[in-house]
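One structure below.
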Amino acid sequence: MRQDKAIFKPSTIKNGLVRFSFLVPALFFFGFTIVVPFISGFAISFTDWNGFSKEMNYIGLENYKNIFSNTDILIPVKNTVVYAILNTVLGTILSLTFALAINRKFPGRGFVRTAFFLPTSISIVLAVFIWNYIFRDVFKELFGIKNILGSTSLAMLGVVVIHLWIDVGVNMLVFLSALTSVPRELYESAALDGANAFKRFIHVTIPMIMPAITTCVTLSLTYGLKEFATPLTATQGGPIRSTETVAIYIYNHLMSYKEAGYGQALANIFAVVLVVVGATVSGLLRKKETDL
């Protein structure tokens, strides 16, 4: 009884209200920018609204049925999966490699860390401009290769390169933070047992930084699946839809094709897919953490 009374003391309630008041602005903006548009969009998905007119006719589940019968969506789905896998695999390998390389004392270490992270502060538009110049002029002079962003078979790889250049520094810092927390005694014990550098990496480093791997892989995969800005800025989804992602496909139906109802229905399904994929991958990797 004394503990219950202590919980409901006026000072305790006052402190709780003060703390909650700091959350009110964030909750307001979250509700205004996320919750309200989501609810409005969910209602729009059951209509034939074109996104501009005042007329909006209820058509039930027709938009959702069209999604599963429309083979046109297969191209952006394939592109999105390829983009997400390349971004996740290459991004994880590169960021971990860079983190391992600078996780030691050497002259200019601070400068190198800054250099790897610097592209993160550059806007996507500027990054695309820089790499478009490299692909178009530098590669042509050095290797005789035409701009790969204009090739239907290589454009996706070019967009991935741009995204990795911008984003790899973030995951690198996550891995670097995890590596600095690994006790040196574990490496020394493994070395005394005869483990070489590769075995120490597999049996000591990987298990100890597994939470960081879970975070980076999950975020990279989900961000890759919903990627919009980089391919849109670099290629506008071209050439010949070779870099058109699901996010661009949704945007085109919402804005360009004047099929807001269909586009919103697709956005709702895509949001569910992202949640399921993210939760599944995170759960599997969390289980792997305990196994290791």
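Structure notes:
- Computed over segment 36-112, the quotient of the alpha carbon radius of gyration and 2.2 N^0.38 Å is 2.02.
- Taking the accessible area of segment 39-197, probe 1.4 Å, and keeping the other protein chains in place, the carbon and sulfur fraction comes to 67%.
- Proximal lysines relative to LYS14, as straight alpha-carbon distance under 23 Å, when same-chain residues fewer than 8 apart are discounted: LYS5
- Solvent exposure of the chain, expressed per residue, is 61 Å² of accessible area, with all protein chains present and a 1.4 angstrom probe.
- Checking the Cα-Cα distances for LYS78/LYS226; LYS54/LYS258; LYS105/LYS199; LYS146/LYS258; LYS226/LYS258; LYS105/LYS288 against a 24 Å cut-off, the pairs over it are LYS146/LYS258; LYS105/LYS288.
- Distance between segment 29-78 and segment 146-206 - C-alpha centres, whole angstrom: 39
- Measuring nothing but how far apart in sequence close Cα pairs (under 8 Å, 6+ apart) lie, relative to its length, segment 168-292 scores a relative contact order of 24 percent.
- Extension gain for ARG19-THR120 works out to 33.1 nm (0.36 nm per residue, less the C-alpha to C-alpha distance).
- A full extension of the chain between TYR133 and THR215 corresponds to an added length of 26.2 nm, given 0.36 nm per residue minus the alpha carbon distance.
- Between LEU149, LEU27, LEU157, the GNM of the chain built on Cα springs shorter than 10 angstrom shows LEU27 fluctuating the most.
- Measuring nothing but how far apart in sequence close Cα pairs (under 8 Å, 6+ apart) lie, relative to its length, the chain scores a relative contact order of 29 percent.
- The charge dipole of segment 46-129, taken about the Cα centre with unit charges on the Cβ atoms of Lys, Arg (+1) and Asp, Glu (-1), comes to about 800 debye, rounded to the nearest 20.
- Model label points for ARG286 and PHE29, set 7 angstrom from Cα along the Cα-to-Cβ axis, are 2.8 nm apart.
- Calculated mean residue ellipticity at 222 nm for the chain: -21500 deg cm²/dmol, from DSSP H runs with n ≥ 4 weighted as -39500 (n - 2.57), summed, divided by the residue count and rounded to 500.
The values are calculated or read from the model by the stated rules, or taken from the named source; none is laboratory data. Small disclaimer: the values here were computed from a predicted structure and weren't measured. Glycine gets a Cβ as well: all are built from the backbone with ideal geometry, and neighbour counts include every protein chain shown. To get the accessible areas, we keep the full protein, side chains included, count just its heavy atoms, and leave off ligands, DNA and RNA. Shrake-Rupley method; radii C 1.70, N 1.55, O 1.52, S 1.80 Å.
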